[in-house]
Amino acid sequence: MPITQKNPQTHPSSDKRFRMLAATMKRYQYASDALIEVLHQAQELFGYLEEDLLLYIAHGLKLPPSRVYGVATFYHFFSLKQKGAHTCVVCMGTACYVKGAANLLTTLEQQYQVQAGDTTSNNQLSLVTARCLGACGIAPAVVVDGNVEGHQTAESVIHRVEECLHHGS
Amino acid sequence: MDLKELKAIATREHQKQDKTCIRCCTVGGCLSANGLAVKENLEEAINEAGLGGKVDVSGVGCMGLCSKGPLVRVDPTGTLYDRVTPDNAWGIVASLPKQMDRQSSPRIMPSQYQPNNHPFFTRQLKIVLENSGKIDPERIEEYIAADGYQGLYRVLREMNPESVIETISRSGLRGRGGGGYPTGLKWETVAKAQSDRKFIICNADEGDPGAFMDRSVLESDPHRILEGMAIAAYAVGASQGYIYVRGEYPVAINHLQKAIRQAKRLGLLGSQIFESPFDFKIELRIGAGAFVCGEETALMASIEGKRGIPHPRPPYPAESGLWGYPTLINNVETFANVPTIIRKGSDWFSQIGTEKSKGTKVFSLAGKVCNTGLIEVPMGTTLQQIVQEMGDGVPDGGQAKAVQTGGPSGGCIPTKMFDTPVDYESLSKLGSIMGSGGAIVMDETTNMVDVARFFMEFCMDESCGKCIPCRAGTVQLYQLLTKIREGKSSLADLEKLEALCDMVKQTSLCGLGRSAPNPVISTLHHFRGEYLALIPNHHSV
Ligand SMILES: Cc1cc2nc3c(=O)[nH]c(=O)nc-3n(C[C@H](O)[C@H](O)[C@H](O)COP(=O)(O)O)c2cc1C
Ligand code: FES
């Protein structure tokens, strides 16, 4: 069944996540100003925003695809690429920067042969930078798989990432 | 809900509070440092000691001294423990006043930073943070027991909108989001606007990369913001509010959602609040990581589900804001001051601070300083007092070189000017701004050209691209700074840098571009020698 304006709820695949996304759109009464909330939900469900998914949302909210794409690419929070199995976010805010965050980042880049913003070729680790996590009191801070870690050194951050890569936590 | 019921909740809560209570910080930095495990172990240790029911363990918001977390405080004595590990729990319980003679576990030493003896605490005056670290932010009852929602009651039942605005105007409160615009005047403009719908927005986008005051207030005392917004809504005649909060702050979002639910349940949000004709609803909007969305017109575009692109003012949001309706937008800390001003009066508030900057300011003290964390000081406190006395100076005997305030829109203030009192005017005179309250200490190892380049890179990344001076100018400035940093520049480049700064400042559309050159201008002014030292064949430093 094609996705049309009449049946934005249905999606050809039987993927449950589409139904949850449709429920979110319905909760906002398909209002176009709910676009950012819907994108948040979509990214939470799917991990990243595939083109197909953006089209689905555009149909649901009756918005031109260009508008949805424009918004999704404007905000840093939304990712159009698949992420690795694990993520390490290095804060590059001012407090962390003066406490040596740049050094943490280069260490990680060299150790895992990956540039900030990219994912390793084996899809295991995404290395990301952020602008202040609001944890400046314990700078320099990183987030490894959702857990904020403060007072980091080159050794401690590698140790933490290794733990995640090998034990999945 | 009426005043009697409100007071009954407070009384019930006060009776509980007579007990000994162990309060653990479970937000912000302490949460990251395993604060939750500390709390769980303390609960277990209390039960093992047979003290269950006699001693309470509760999770509270930020106590301020984030670098020494996790923090635990035993009340009513107020004894503070720092860097507590989950294993320390039994030691803390063994040190409770009545446990002293029962040698179960070895006791542990309280922190050397006690709230009653270290300047980090004694120099503070808490209005915005009065409940932070004291109450459980996830329980509305504790906020009510701390006189919460009484200001809203007084406003709705005893004051008309004009007198609320009059009180805020007379208090001298100015916007804490950076600009320092008089809050009462802003409210008055929105109140006067003719429209059947009006909106009110709390700006919790906290974009300055090195500031976490707003995060802390939202996590530690969310009801204060709801009450402040409700009072403002009554004053200007709005019935719908939005809180635009950064997506990077999951705990703040969670606490706000809980707070809104609880306030609705008790009838403190919703229709006919305190049995008056006033209705007020609050919705959350989660940001998606764009610095420019802290700018008010961009923020409103983002709430409307669009790209966060600013538009030229006028029209100001007070005339034509969200969906074209008159809109009041204030910062988190601005709203946080409101309930206390209403409760204690404008005269009380205007005694605090300096002639033109009233009240207190919350700073997030970070960078190369021993005690990092959150402090709230009266306006007019000097940087010397903040950095050297409260912050205990630079670690490992280093020397402070400058303090950066105002983030990417601000500047660096050199040590020799540390006796400057902190207020809006004094900081602008030094080429910086008060900003939202980030205060980052830099020491001798920090190169000021690097700092300028760091902020320019930030502005270049965050420019929304709508106007050319900002979009192209920040790129040019960044490249020039890189060239200087790499030692490939000449004196002519320095002149070009200055001319370009001036151009971007004068011609950009919004505050982002207009203030982006500030870090360069201020470092050029105060640390010109560091630029010259990087220019080859230049010896007249
Ligand atoms: C680029 C830019 C970023 C801003 N970021 C914030 C911010 O993060 N938080 C904030 O409260 N105000 C920010 N502002 C200021 C807002 O536009 C607005 O003036 C403020 O929210 C008004 O509230 P106040 O009067 O209570 O200070 C920013 C302004 C600009 C130009
Ligand atoms: S600068 Fe890194 S957490 Fe704020």
query: Looking only at other chains, what is the average number of their beta-carbon atoms within 10 angstrom of each beta-carbon in A:35-46?
result: 2
statement: Mean per-residue count of partner chain Cβ within 10 Å for B:245-254 equals 3
field: Label-point separation, residue B:192 to residue B:157 (7 Å along Cα→Cβ), nm
entry: 3.3
message: Going by average Cβ density within 10 Å per residue, which order do the peptides B:458-466, B:366-374 take, highest to lowest?
response: B:366-374, B:458-466
task: Show me A:105-115, B:63-73 ranked by packing, highest mean number of other Cβ atoms within 10 Å first.
output: B:63-73, A:105-115
- line: Per residue of B:66-78, other chain Cβ atoms within 10 Å number on average 1
task: For a quick protection proxy, order the peptides B:136-148, A:134-146 by their average other-Cβ count within 10 Å, most packed first.
output: A:134-146, B:136-148
message: What does the buried accessible surface come to for A and B, summed over both chains, with the probe at 1.4 Å? Round to 100 Å².
response: 3200
- request: Work out which residues of the stretch A:94-138 lose at minimum 20 square angstrom of accessible surface when the other protein chains are put back, relative to the chain isolated, with a 1.4 angstrom probe, and list them by number.
  value: A:94, A:95, A:97, A:98, A:99, A:131, A:132, A:133, A:134, A:136, A:137, A:138
- request: Give me the aspartates and glutamates in straight-line cross-link reach of residue A:81: C-alpha distance below 18 Å, same-chain residues under 8 apart excluded.
  value: A:44, A:50, A:51, A:52, A:118, A:145
- line: Residues whose built amide H sits under 5 Å from the amide H of residue B:20, excluding neighbours closer than 5 in sequence, are B:56
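Order A:87, B:297 by their accessible area, 1.4 angstrom probe, all chains in place, largest first.
A:87, B:297
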field: Protein-only accessible surface order, largest first, of A:19, B:307, B:453 at 1.4 Å
entry: A:19, B:307, B:453
- request: Find the accessible area per residue for chain B; the probe is 1.4 Å, ligands and nucleic acids are left out, and the unit is Å².
  value: 37
Whole-Hz couplings from phi, Karplus 6.51/-1.76/1.60, listed for the stretch B:489-495; x for Gly and Pro: 10, 10, 4, 4, 5, 5, 5
- request: Give the shape of the protein assembly as shown as rounded, prolate or oblate, defined through the alpha-carbon gyration tensor: a ≥ b ≥ c are the square roots of its eigenvalues, a/c under 1.5 means rounded, and otherwise the shape is prolate if a/b is larger than b/c and oblate if not.
  value: rounded
message: Within the protein assembly as shown, what whole-number % of the accessible surface is contributed by carbon and sulfur, with the 1.4 Å probe and all protein chains included in the calculation?
response: 49
- prompt: Taking the Cα-to-Cβ direction at residue A:145 and at residue B:281 and moving 7 Å from each Cα, how far apart do the two end points lie in nm?
  reply: 4.1
query: Distances over 32 Å make up what percent of all Cα-Cα pairs in the stretch B:148-349?
result: 8
task: Express the relative contact order of the stretch B:469-541 as a whole percentage, based on alpha carbon pairs under 8 Å and six or more residues apart in sequence.
output: 38
query: Residue separation times 0.36 nm, minus the C-alpha to C-alpha distance between residue B:486 and residue B:8: what's the value?
result: 165.3 nm
message: Please check the stretch B:26-40 for residues whose accessible area, probe 1.4 Å, is lower by 50 Å² or more when all protein chains are in place than in their chain alone.
response: B:32
task: Would you work out if chain B is rounded, prolate or oblate? Take a ≥ b ≥ c from the square roots of the eigenvalues of the alpha-carbon gyration tensor; rounded if a/c is under 1.5, else prolate when a/b is larger than b/c, oblate otherwise.
output: oblate
query: Can you work out ³J(HN,Hα) from phi for every residue in the stretch B:60-70, in order, using Karplus 6.51 cos²θ - 1.76 cosθ + 1.60 and θ = phi - 60°, giving whole Hz and x for Gly and Pro?
result: 10, x, 5, 9, x, 8, 4, 5, 9, x, x
- prompt: Do the alpha carbons of any pairs in B:16/B:68; B:4/B:258; B:39/B:368; B:16/B:258 sit beyond 26 Å of each other, and which pairs?
  reply: B:16/B:68; B:39/B:368
task: Taking the dipole about the Cα centre of the protein assembly as shown, with the C-beta of Lys and Arg at +1 and of Asp and Glu at -1, give me whichever of A:84, B:35, B:324 is farthest to the positive side.
output: B:324
task: Quick one: angle between helix A:51-60 and the longest Cα principal axis of chain A, in degrees between 0 and 90, rounded to 10, please.
output: 40
query: Over what distance in Å are the Cα centres of the stretch B:364-402 and the stretch A:25-100 separated?
result: 38
- request: Assuming R0 = 41 Å, can you tell me the calculated FRET efficiency for the pair residue B:428 and residue B:468, based on Cβ-Cβ distance, to the nearest 0.05?
  value: 0.90
query: How many lysine pairs are close in the stretch B:404-505, with Cα atoms under 15 Å apart and the two 8 or more places apart or on different chains?
result: 4
query: So which aspartates and glutamates pass the test for residue B:7, namely a Cα distance under 13 Å, with those fewer than 8 places away in the same chain ruled out?
result: B:141, B:142, B:147
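The values are calculated or read from the model by the stated rules, or taken from the named source; none is laboratory data. Remember, it's a predicted structure, so these values are computed and weren't measured experimentally. Cβ coordinates were reconstructed from backbone atoms using ideal geometry, including for glycine residues, and neighbour counts include every protein chain displayed. For the accessible areas, the whole protein counts, side chains as well, though only heavy atoms, and no ligand, DNA or RNA atoms are used. Shrake-Rupley method; radii C 1.70, N 1.55, O 1.52, S 1.80 Å.
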